[in-house]
1. Under 5 Å between amide hydrogens, which residues at least 5 positions from Asn186 or on another chain qualify, with H placed 1.01 Å from N in the peptide plane?
2. Could you run the Karplus curve 6.51 cos²θ - 1.76 cosθ + 1.60 with θ = phi - 60° over region 248-259 and give me ³J(HN,Hα) per residue in whole Hz, x for Gly and Pro?
3. How about Lys387: which lysines have a C-alpha closer than 23 Å to its C-alpha, ignoring those fewer than 8 places off in the same chain?
4. Please get the size of the charge dipole for region 1-107, origin at its Cα centre, with Cβ charges of +1 on Lys and Arg and -1 on Asp and Glu, quoted in debye to the nearest 20.
5. Under a Cβ-only charge scheme (Lys and Arg +1, Asp and Glu -1), can you give me the dipole magnitude of the chain about the Cα centre, in debye to the nearest 20?
6. Which lysines does Lys36 reach when only Cα atoms under 21 Å apart count, and residues fewer than 8 places away in its own chain are ignored?
7. Taking Cα atoms, how many degrees apart are the long axis of helix 59-80 and the longest axis of the chain, rounded to 10 and kept between 0 and 90?
8. Can you compute the helix-only [θ] at 222 nm over the chain? Use -39500 (n - 2.57) per DSSP H run of at least 4 residues, normalise by all residues, nearest 500 deg cm²/dmol.
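The values are calculated or read from the model by the stated rules, or taken from the named source; none is laboratory data. Everything quoted here is computed from the prediction, not taken from an experiment. Here the Cβ positions follow ideal geometry from the backbone for every residue, glycine too, while neighbour counts run over all protein chains shown. When the accessible area is computed, the model is the full protein with side chains, heavy atoms only, and any ligands, DNA or RNA have been set aside. Shrake-Rupley method; radii C 1.70, N 1.55, O 1.52, S 1.80 Å.
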Amino acid sequence: LVVAFLVAYHQNKQLIGEKGLLPCKLYLQNVKKYFKGKINLDALSYAPTIIWFLDWSDMDSVLDYLSLFGLATSAFVLVTGCANMVLMAVLWVLYLSLTNVGQIWYSFGWESQLLETGFLGIFLCPLWTLSRLPRHTPPSSIVIWGFRWLIFRIMLGAGLIKIRGDRCWRELTCMDYHYETQPVPNPIAYFMHRSPWWFHQFETLVNHFIELVVPFFLFLGRRMCMVHGLLQILFQVLLIISGNLSFLNWLTIVPSIACFDDASLGFLFSSRRGGVKERAAQMHLQVAAGEQLPPRYGCYARKVVNISFGLLITYLSIPVVLNLLNSRQVMNTSFNPLRIVNTYGAFGSITKERTEVVLQGTSSLDPNDPAAVWEEYDFKCKPGDLKRRPCFITPYHYRLDWLMWFAAFQTYEQNEWIIHLAGKLLAQDEATLSLMATNPFAGRAPPRWIRGEHFKYKFSRPGGKHASEGRWWIRKRIGPYFPPVNLQGLKKFYEDRNWPYPLRD
């Protein structure tokens, strides 16, 4: 959550703020208009967010306050190791509020996974106390099994969508392409891509075993449950090393920890007198000796809450299970507006070639002049400059870079925000430029024209001719992605969509 709120604070204003690429105020206004201009139960159900009840006159400040409050609260929990239901519920509401106005920028599966994990975390904690080891409210086995049910669905959903999706998963060839074509490769992926064919087949087999077979270890007793947890954590660590998949893999480790009990995790804690480890051991001895904790009305209330929680998870899991059993399985979908129980999956299809949209600007009066000099904008992390080393940023996440990856195998008509981005660059908008790695027109007059060019990218061969020249990538032009546009020509485009027209400084 710390990383998620940090990403939100750094990027929300540019993406969904007052002058963002897809302003959330406009989105909420459209939702309100659809529901007859009222903020009623239907509108709240469609887009559950506390922003409905806040002042929209300065949306940038609203987004900042929500992000900073979430960042401070989650950092407190992380540093102190102390939490209660109230703090966890606040964090869940804050991130739900941002996700539900984030539109395509928050359309990734890990947003729902973070919300579901956070919702489970609410019931893992005591109501009020901030004790690291509350004596009267030990974690319920219902909540522990809620986490295990989550990791089961994450892994099995990912495995089934692969087997039912791209045939390369069945032919054991998907890993021949994955390292090169994944959204944001890292330097290790550059070398992993050149592994021999038999190693890639072995990787694919291991992937199928981890996602399709290992999840059932959860139901085979204590030892096999711990084997499941260990294998899933090691698998996620391998994925972290070989790619920049945001905080997805770090987040997936969390429910895997629920596969272990106190005895198996004791080595992680200090053995000093009076510490958490000693106190936990004393509590276990009391339970083993048959000692009953003093009766408290709060304990009975907590049992009622936990049972109600279990029934809610069971009920909300029905459409998720039906989806897993369906040959037309969908992935990364929520069947309830609060995203409490969701269906997951990853890389159901693998792109065999990597294409990139490269944005270029020119100061030339005529964009069709053969002598026009076009200069390229580089993004923070996605491939662009052939000599720039692939980045390593996990668990951080550049949302614009990821959406540019999706846009590359779609059209600009399907991604109108990319034309909005071009207009921002034409105006030298500082907020938008903060999302970019380079601005070739820094300290100069803004470009007169921006265009999008479509390229096919491939890794250079380690030790080969291009690599010896310092190139990590080689590329070949496919053609134009969108034609040259200027600021004046985009005016009607902006007006038709009620987007704020960018003005040059």
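1. The list, which skips near neighbours in sequence, is Asn244.
2. Along region 248-259, the couplings run 4, 6, 4, 5, 5, 5, 4, x, 5, 5, 5, 7 Hz.
3. Lys352, Lys456, Lys458, Lys465, Lys476
4. It comes to approximately 340 debye.
5. 820
6. In chain and number order, the partners are Lys25.
7. Once rounded, one gets 40 degrees.
8. Theoretical 222 nm ellipticity from helices: -15500 deg cm²/dmol.
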